[in-house]
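Remarks on the structure that follows.
The values are calculated or read from the model by the stated rules, or taken from the named source; none is laboratory data. Please read all numbers here as calculations on a predicted model, not as lab measurements. Glycine gets a Cβ as well: all are built from the backbone with ideal geometry, and neighbour counts include every protein chain shown. Accessible surface areas use protein heavy atoms only, side chains included; no ligands, DNA or RNA. Shrake-Rupley method; radii C 1.70, N 1.55, O 1.52, S 1.80 Å.
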Amino acid sequence: MTSDVTQTADKTPTETPETTTGGRIYRPLADIMETGEGVTLMLEMPGVAADDVDITLEQRVLTIRGKVQPTNPERLQLAYAEYGEGDYERSFTLSDDFDPEKINAAVSHGVLTVALPRAAEAQPRKIAVTAS
Amino acid sequence: MFYPTYARRSDPFALMRTMLRDVDRFTPTRTAQPEFPSVNVWQGDEAVAVTAELPGIEPSDIDISVKDNVLTISGKREAPELPEGARWHRNERSYGEFSRAVRMPYAASDDTVEARMTNGILRIVVGRPEEDKPKKIEIKAA
């Protein structure tokens, strides 16, 4: 890890149809790693509370949606903006071998962590080969 | 693109040098990259507020300091610990140290600064000091 100031990728809007309210939908940045037990996803969704996250798994497609609570300070006007506020949405196509009942999700400081454990029957089994 | 130096056959590397110079010119430098964290600044009669997106950072890892009229947000983003045998599929987030300075319209004293962190968004409110507020001048009857 370098000690340099890190740069982030721009918050990119998703390629989804327009929203009815005219608000933007952003594509959250994701880190995905795989271990022997399953796959863990970490998505950056600043401004999203745990109650406002919606995760669905349908036909192998995992969809993650997060609703942002907009900051609307009283008696203050936006003078300078570098980031936009909007909901988050991103989908991933998974392989077949995840157990949808065991998906575990948690939000901490604006980062959503989704743990997808592999289904028991999909755990790799070692097959012994006997010499005859 | 036209490279006139190519006509000079005596220096076989002239064309290569010219091309490399073009590559340098079109490659974005580090300074052109976006800053972290992104900030929004809100202004009002009584206060100025700065909001910053700091997802995945513990409030204890963030340092906020005010000197005269410059507000500095700095800290470190820790990379997640990888369990043994784990491998990355994607790594889009970035980690490391960061620092960002924002110039305020007035000098703030420490006791008028308030910071709050909710869901990865840091919000700093800097109150406007009394001496900076406009004074109303009464018109005396002649």
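In straight-distance terms, cross-link reach from B:LYS76 covers every one of the lysines whose alpha-carbon lies under 28 Å from its own, apart from those fewer than eight places away in the same chain; here that gives A:LYS11, A:LYS67, B:LYS67.
Qualifying trypsin sites (Lys or Arg not before Pro) in the range A:48-91, where qualification requires a DSSP coil assignment and no more than 13 other C-beta atoms within 10 Å, comprise A:ARG60, A:ARG75.
Heavy-atom accessible area for A:ARG24, with the other protein chains in place and a 1.4 Å probe, reaches approximately 140 Å².
Compactness ratio for the range A:54-101: Cα radius of gyration over 2.2 N^0.38 Å (N = residue count) comes to 1.78. Using a cutoff of 8 angstrom between alpha carbon atoms and counting only pairs six or more residues apart, the relative contact order for chain A works out to 25 percent. Amide H contacts of B:ARG128 (H built 1.01 Å from N, in plane; Pro and chain starts excluded): B:ALA47, B:VAL48 sit under 5 Å, all sequence-distant by 5 or more or on other chains. Accessible-area rank, largest first, for B:LYS67, A:LYS11: B:LYS67, A:LYS11, with all protein chains present and a 1.4 angstrom probe. 3J(HN,Hα) along the range B:38-51: 6, 10, 10, 10, 10, 10, x, 5, 9, 7, 10, 10, 10, 10 Hz, from the Karplus curve 6.51 cos²θ - 1.76 cosθ + 1.60 with θ = phi - 60°, whole Hz, x for Gly and Pro.
Taking a point 7 Å from the Cα of A:ALA49 along the Cα-to-Cβ direction, the residues of the range A:82-126 with backbone N closer than 17 Å to it are A:86-88, A:106-112.
Ignoring GluC sites (Glu not before Pro) that are buried or in helix or strand per DSSP, and keeping those with at most 10 other beta carbon atoms within 10 Å, what is the longest stretch of chain A between them? Answer from the scan: A:75-132. Shape analysis of chain A yields a ratio of the Cα radius of gyration to the Kirkwood radius, Rg/Rh, of 1.11.
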